[in-house]
1. Across the stretch 1-51, which residue is farthest from residue 191 (Cα to Cα) among those that are of a type in the set (A, V, I, L, M, F, W, C), open to solvent by 30 Å² or more (accessible area, probe 1.4 Å) and assigned to a loop (DSSP other than H, G, I, E, B)?
2. Taking residue 170, is it open to solvent by 40 Å² or more (accessible area, probe 1.4 Å), in a strand (DSSP E or B), of a type outside the set (Lys, Arg) and under 29 Å from residue 89 (Cβ atoms)?
3. Can you pull out the residues in the stretch 144-160 that are touching a helix residue (DSSP H, G or I) at 6+ places or on another chain (Cβ under 8 Å), among the aliphatic types (A, V, I, L, M) and free of Cβ contacts under 8 Å to residues at least 40 places away in the same chain?
4. Considering only residues that are of a type outside the set (D, E, K, R), farther than 21 Å from residue 78 by Cβ and loosely packed, with under 13 Cβ neighbours inside 10 Å, which ones fall in the stretch 173-213?
5. Out of all the residues in the stretch 59-68, which are in contact with a strand residue (DSSP E or B) (Cβ under 7 Å, 6 or more places away or on another chain) and open to solvent by 60 Å² or more (accessible area, probe 1.4 Å)?
6. State yes or no: is residue 182 farther than 20 Å from residue 133 by Cβ and out of contact with any Cys (no Cβ under 7 Å at 6 or more places or on another chain)?
7. Can you name every residue in the stretch 147-175 that is of a type outside the set (Lys, Arg) and in contact with a Leu (Cβ under 7 Å, 6 or more places away or on another chain)?
8. Please state which of the following conditions residue 56 fails to meet, knowing it meets all the rest: (1) loosely packed, with under 13 Cβ neighbours inside 10 Å; (2) not in a strand (DSSP E or B).
Amino acid sequence: MAFRGWKAEALEFFDGLAADNSKAYWQRNKPVYEQLVRAPMEELLAELEPRWGEGRIFRPYRDVRFSRDKSPYKTHMGATIGPGYLQLSADGLGAGCGMWEMASDQLERYRAAVDDDRAGDALAGLVAEVEAAGIQVEGHGVLKTAPRGYPRDHPRIDLLRYKGLVTWRDWPAGAWLGTPRAKDRVVEFLERSEPIAGWLRTNVGPSTLPERSR
């Protein structure tokens, strides 16, 4: 089926889950989750995959092993699409693209590229372009000062302080979310974010470290 957006009941499902995060609520409303929350996300990912890459929906269950909050279910749905990320919640739709948390070898390459005048200036220009379009640029963590080995007055100190780099945009819930226009917004976001994602692929790339060493 073609993607037609999310009905209001999908967001109401998350409102209810926030109020009653229990197995009883989940089981009682699982058909709503499957038909009105998950199915539209599957349809959207299927339409995006030919251009943007493989899509995957995250499990709805929280990892509560090391958390004081033992609520069993996430109050949002998350999914990846190529280098991008989508998130649906009662508040609306969000989208991100890039490298949220870099491994140590990636971070070393990222900082070296930002320090390089040619590559660094190129990234600074791309960031200015997306920010002018209303898209945020942020990262998993931000150092309070310059990373070791770099001057505090570096011309691209703001970029050097990031431990990851992503573009991000939120769209508050509205009538548009229940229409195919939701896909249009995601596609526009991914297209505007692609130059930064491409810069990261070229200058940083995937981590080559073993999982436990990152």
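1. Step one: filter the stretch 1-51 for residues of a type in the set (A, V, I, L, M, F, W, C), giving 1-3, 6, 8, 10-11, 13-14, 17-19, 24, 26, 32, 36-37, 39, 41, 44-46, 48.
Restricting the remaining residues to those that are open to solvent by 30 Å² or more (accessible area, probe 1.4 Å) gives 1-2, 8, 18-19, 24, 32, 36, 46.
Keeping just the survivors that are assigned to a loop (DSSP other than H, G, I, E, B) gives 1-2.
Values: 1: 24, 2: 21 Å.
Checked the stretch 1-51; the qualifying residue farthest from residue 191 (Cα to Cα) is 1.
2. On the way: open to solvent by 40 Å² or more (accessible area, probe 1.4 Å): yes; in a strand (DSSP E or B): yes; of a type outside the set (Lys, Arg): yes; under 29 Å from residue 89 (Cβ atoms): yes.
Here the answer is yes, as residue 170 does meet what is asked.
3. Within the stretch 144-160, 146 is the sole residue that qualifies.
4. Once the filter is applied, which keeps residues that are of a type outside the set (D, E, K, R), farther than 21 Å from residue 78 by Cβ and loosely packed, with under 13 Cβ neighbours inside 10 Å, the stretch 173-213 yields 175, 198, 202, 208, 209, 210, 213.
5. Initially, the stretch 59-68 is screened for residues in contact with a strand residue (DSSP E or B) (Cβ under 7 Å, 6 or more places away or on another chain), giving 60-62.
Residues satisfying the conditions are 61, 62.
6. Working: farther than 20 Å from residue 133 by Cβ: no; out of contact with any Cys (no Cβ under 7 Å at 6 or more places or on another chain): yes.
So residue 182 fails the test.
7. Of the stretch 147-175, the ones of a type outside the set (Lys, Arg) are 147, 149-151, 153-155, 157-160, 162, 164-168, 170-175.
Of everything in the stretch 147-175, those that are of a type outside the set (Lys, Arg) and in contact with a Leu (Cβ under 7 Å, 6 or more places away or on another chain) turn out to be 147, 150, 154, 159, 165, 171, 173.
8. Checking residue 56 against (1) loosely packed, with under 13 Cβ neighbours inside 10 Å; (2) not in a strand (DSSP E or B), the one that fails is (2).
The values are calculated or read from the model by the stated rules, or taken from the named source; none is laboratory data. Computed from a predicted model, the values in this text were never measured in an experiment. So basically every Cβ, Gly included, is an ideal-geometry build from the backbone, and we count neighbours across all protein chains shown. Ligands, DNA and RNA are stripped out before the accessible areas are found, and what is left, the full protein with its side chains, is counted by its heavy atoms. Shrake-Rupley method; radii C 1.70, N 1.55, O 1.52, S 1.80 Å.
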